[in-house]
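Notes for the one structure printed next.
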């Protein structure tokens, strides 16, 4: 399946919008239009926990959606220092799963894929626009720019997302949701 | 997982001799064979501490302790002999890292498990020799370290500089080092000194997802990050003069280059894809395991065969990757010393794989059997006269390259007959982690670590200096303990010790 979408790039320097064509090969993602106002920078709600060979991401939020977004940021934060990332592009990704755990797994896997090859996007803001827990489907807007050595400090490479000791905790009364994911590095 | 108080757990673990312990059947449910692990006095403390911690009530961890993981592997269908833990073992995804297990191919219930190979398929170590001596390199150490760092793309987000398109990648996946040879990146003799001659023949790129290929293409010829490195090393001690001379090492002080890398994002994605497929196959074939992370499929099922073909393609990717960096290292040295790699005698001593599953012939209870041998964080160590090792090493046994940690020494061992009998020709692969990354980051300061490298006279170039403490020697087991245990247990034999003078890391 090969699709062509008319994507729009936001150019910070002269505030003009340039039309770009994006080729989507078998990948449920596309470059999308955005304005600076639409980008959110919520406070950091994640940390890195102890693990012998790997790293455990612990993220939380008042909703599950927020905890998922924070978990994605935690992963990007391990690859570079997020304060060096400028927002120049916005890509929309889709992830689906069979249950909550696999939805989180595939969401993170899509983000890792977005970074690992064209467009090599490192994100400093994520916005889940569709969070469907009946069909286990996520649509997310990912804001950032292509990773560039020299501009972005090199952190550690993430090899893979794992299901090992994955925990998704929802406490509706306390208004707090938490996720724990071990990433293989 | 069976949780018993620590003292009751210990009843299942019996000391065989000064450097090995037996894990008895019953330690975990459904164990088909016993487990064994090799440790010395220093290393056994780490093993038992890990188990004791896991026995504390309310303990919620990501991974099971190594001993439990060895026992869970011993419960997999089709396993023969013993589930073996090498001295550098530490807990990992499904299988512990430093665990080997063999499965009878002719048993229809036997399985293949991506967790028994690891995410970084065919991660391995390659050692190049030179005819230079320490006195030639010391004065230009900083320059040559910088030159290597400039030549080899390292760290997260780096891209390969070997020109590649999608068609080249398909060919490389199928041909392995034959591709590198055809394109002129390696020498014909390099292939001789690689396991499988640098090419797994059953590789089938059509069994690999587009996603894996897309992740792999930009990363071919890159070192990676984490524990991967390129080092300039000096021969520090020779224990076996004959074996060393067969490797082209005549005396101490001779300079070598060690490259530790794997199949990059390509292999990681192949493993991820296979784990998803195998969850389905397990439900269908009703394969029961003690741990969900031990996802596996019958060797003869479609999923099992597809994984083996894709894994072989990833193995080929890793050899092409290490070969590309061999080329770049040779160029860096040639430029620095204004001569050719040929005149510097920069031959490959050997190239070992320490994350792979292979079909091999072994003797089990006096009968020859065809086995699928999983080695995860374990190195093949075939004895002298084995038909699968190159002519040059027929009398010495296969060279085994054991990479140390940043700033510590590395070792070259050789395979032994006893190793062939006890561990299906397998031995340790490195130091093995002792501290978690987060703990290393909290307890150590990267400036101290860098300063210490300087005091030790080691030139260092790192892509992410702030993460060097994760790879500092304190975070790992002592590689000398690991190697000495293998030597004392007789599963491999010490040949020489190498000490780093320059380190290039991601």
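Can you tell me which residues in region B:265-290 are within 22 Å of residue B:120 (Cα to Cα) and either touching a residue at least 60 places away in the same chain (Cβ under 8 Å) or crowded, with 23+ Cβ neighbours inside 10 Å (or both)? Answer for region B:265-290, where residues must be within 22 Å of residue B:120 (Cα to Cα) and either touching a residue at least 60 places away in the same chain (Cβ under 8 Å) or crowded, with 23+ Cβ neighbours inside 10 Å (or both): B:265, B:266, B:267, B:268, B:269, B:270, B:271, B:272, B:273, B:274, B:275, B:278.
Is it fair to say residue A:94 is at pLDDT 95 or above and away from chain B (no Cβ under 13 Å)? It is true that residue A:94 is at pLDDT 95 or above and away from chain B (no Cβ under 13 Å).
Counted as qualifying within region B:429-506 are the helices (runs of 4 or more DSSP H) with 2 or more residues that are more than 29 Å from residue B:254 (Cα to Cα), namely B:437-443, B:446-455.
Consider region B:110-131 and keep the residues that are out of contact with any helix residue (DSSP H, G or I) (no Cβ under 6 Å at 6 or more places or on another chain) and in a loop (DSSP other than H, G, I, E, B). The one that is farthest from residue B:173 (Cα to Cα) is B:110. Kindly indicate whether residue A:70 is surrounded by 17 or more Cβ atoms within 10 Å (Cβ to Cβ) and assigned to a helix (DSSP H, G or I). Spelling it out, residue A:70 is indeed surrounded by 17 or more Cβ atoms within 10 Å (Cβ to Cβ) and assigned to a helix (DSSP H, G or I). Residues in region B:206-222 that are more than 14 Å from chain A (Cβ to nearest Cβ) and assigned to a loop (DSSP other than H, G, I, E, B): B:221 alone.
Does residue B:190 satisfy the condition of being surrounded by 24 or more Cβ atoms within 10 Å (Cβ to Cβ) and at pLDDT 95 or above? Criteria met by residue B:190.
For residue B:299, the conditions (1) under 30 Å from residue B:459 (Cβ atoms); (2) surrounded by 22 or more Cβ atoms within 10 Å (Cβ to Cβ) all hold with the exception of (1). Within the option set B:244, B:225, B:203, being in contact (Cβ under 8 Å) with a residue 24 or more places away in the chain and in a helix (DSSP H, G or I) holds for one residue only, B:244. Considered as a group, the residues in region B:134-165 that are more than 14 Å from chain A (Cβ to nearest Cβ) and touching a strand residue (DSSP E or B) at 6+ places or on another chain (Cβ under 6 Å) include one that is nearest to residue A:147 (Cα to Cα), and that residue is B:148. Residue B:106 meets the conditions (1) farther than 15 Å from residue B:21 by Cβ; (2) away from chain A (no Cβ under 14 Å); (3) buried (at least 24 other Cβ atoms within 10 Å of the Cβ) in every case but one. The failed one is (3). Condition (residue is within 22 Å of residue B:210 (Cβ to Cβ), surrounded by fewer than 19 Cβ atoms within 10 Å (Cβ to Cβ) and touching a helix residue (DSSP H, G or I) at 6+ places or on another chain (Cβ under 8 Å)) applied to region A:78-91: is it met by at least one residue? Checking region A:78-91: not a single residue is within 22 Å of residue B:210 (Cβ to Cβ), surrounded by fewer than 19 Cβ atoms within 10 Å (Cβ to Cβ) and touching a helix residue (DSSP H, G or I) at 6+ places or on another chain (Cβ under 8 Å). Among residues of region B:422-462 being facing chain A (nearest Cβ under 10 Å) and crowded, with 24+ Cβ neighbours inside 10 Å, the one that is farthest from the chain's Cα centre (by Cα) is B:462.
Residues of region A:133-185 that are more than 8 Å from every other protein chain (Cβ to nearest Cβ), outside any loop (DSSP other than H, G, I, E, B) and under 15 Å from residue A:95 (Cβ atoms): A:137, A:138, A:139, A:140, A:141, A:142, A:168, A:179, A:181. Restricting attention to region B:211-219, does a residue exist that is surrounded by 24 or more Cβ atoms within 10 Å (Cβ to Cβ) and in contact with a strand residue (DSSP E or B) (Cβ under 8 Å, 6 or more places away or on another chain)? Among the residues of region B:211-219, not one is surrounded by 24 or more Cβ atoms within 10 Å (Cβ to Cβ) and in contact with a strand residue (DSSP E or B) (Cβ under 8 Å, 6 or more places away or on another chain), which makes the answer no. For region B:153-174, the set of residues classified as out of contact with any helix residue (DSSP H, G or I) (no Cβ under 9 Å at 6 or more places or on another chain), surrounded by fewer than 16 Cβ atoms within 10 Å (Cβ to Cβ) and at pLDDT below 95 consists of B:163 only.
Selection within region B:200-210: residues that are buried (at least 22 other Cβ atoms within 10 Å of the Cβ) and closer than 16 Å to residue B:168 by Cβ. The member of this set that is farthest from the chain's Cα centre (by Cα) is B:208.
Scanning region A:114-132 for residues that are outside any strand (DSSP E or B) and without any contact (Cβ under 8 Å) to a residue 60 or more places away in the chain yields a count of 5. Criterion applied to B:150, B:107 was being out of contact with any helix residue (DSSP H, G or I) (no Cβ under 9 Å at 6 or more places or on another chain) and either in a helix (DSSP H, G or I) or in contact (Cβ under 8 Å) with a residue 12 or more places away in the chain (or both), and the one residue passing it is B:107. Strands (runs of 3 or more DSSP E) fully within region B:1-92 that include at least 2 residues being surrounded by fewer than 23 Cβ atoms within 10 Å (Cβ to Cβ) and touching a helix residue (DSSP H, G or I) at 6+ places or on another chain (Cβ under 8 Å): B:20-23. Is it true that some residue in region B:340-356 is in contact with a helix residue (DSSP H, G or I) (Cβ under 9 Å, 6 or more places away or on another chain), more than 25 Å from residue B:500 (Cβ to Cβ) and crowded, with 20+ Cβ neighbours inside 10 Å? Looking through region B:340-356, at least one residue is in contact with a helix residue (DSSP H, G or I) (Cβ under 9 Å, 6 or more places away or on another chain), more than 25 Å from residue B:500 (Cβ to Cβ) and crowded, with 20+ Cβ neighbours inside 10 Å.
The values are calculated or read from the model by the stated rules, or taken from the named source; none is laboratory data. Predicted model only: the values in this text are computed from it and were never measured. For neighbour counting, all protein chains shown are included, and Cβ atoms are generated from backbone atoms with ideal geometry for every residue, glycine included.
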